C-alpha cells in the first residue's frame, strides 16, 4: 500500500491533517501523521524528512501556519515530492501561503490553497503523484473525480 507522510507544525493543526488523511484513505493510500515544528523540533523534522523514503513514504505533505517554514525545511532534507499546505493563523493564512510559495530555486514545494481546501487538495495531489505508477490509485482517482 502506498504511504504518505503528513507532518504538521503543531497539535492544533490536527483537524487539517485528519481531513487530508481521510481523503488519502478513501483513495487507498496510508497516511501517517506526525507533529514536528521546524522551529520547536528541528531535529525531529530533519529525521522525519531525511528518513521518509527509506521508511516507505512516496510523498510528504507538510502543513503549517504563521512563518510556515516547515514545508521548505522538509524539502531541504529529501528528494521526495513535498506538498505544502498553508494554514490560517495570522493574516488569514496569507503569511503562510507566501512563506511556502516563495521557495528558492532548487528546493521546490508544491503549494496548495490555505486551510481545509488545501488539505484536501494535498491528498489529491499526492494521489496523482502516486497514480503515475499505481493503476489502482489511478482508478480510484477517476472514480473520486467523477463523484464530484
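Laboratory data are not the source of any read-out in this text; all were calculated from the coordinates shown. Just so it is clear, the model here is predicted, and its values are computed rather than measured. In this analysis, Cβ positions are derived from the backbone assuming ideal geometry, glycine residues included, and neighbour counts consider all displayed protein chains.
Key figures
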{"item": "The chain - percent relative contact order, Cα under 8 Å, separation 6 or more", "result": "24 percent"}
{"item": "Fewest-first ranking of 111, 78, using other Cβ atoms within 10 Å as the exposure measure", "result": "78, 111"}
{"item": "On Cα atoms only, tilt of 135-147 relative to the major axis of the chain in degrees", "result": "90 degrees"}
{"item": "Between the stretch 123-144 and the stretch 1-40, the Cα center-to-center distance that results, in Å", "result": "17 Å"}
{"item": "The chain: angle of helix 14-26 to the longest principal axis, Cα-based, in degrees nearest 10", "result": "20 degrees"}
{"item": "Equivalent-ellipsoid semi-axes of the stretch 81-127, from the Cα gyration tensor, Å, largest first", "result": "17, 16, 5"}
{"item": "Relative contact order (%) - the stretch 73-128, alpha-carbon pairs under 8 angstrom, separation at least six", "result": "37 percent"}
{"item": "Protection proxy ranking of 98-104, 61-67 - average other beta-carbon atoms within 10 Å, highest first", "result": "61-67, 98-104"}
{"item": "Candidate values (1) 57, 35, 23; (2) 38, 33, 29; (3) 70, 38, 24, label of the one derived for Cα extents along the principal axes in Å", "result": "(2)"}
{"item": "Helical mean residue ellipticity (222 nm; -39500 (n - 2.57) per DSSP H run of 4+; nearest 500) of the chain", "result": "-14000 deg cm²/dmol"}
{"item": "Tilt relative to the chain, helix 116-131 - C-alpha long axis, 0 to 90 degrees, to 10", "result": "50 degrees"}
{"item": "Relative exposure of 23, 91, judged by other C-beta atoms within 10 Å (fewest first)", "result": "91, 23"}
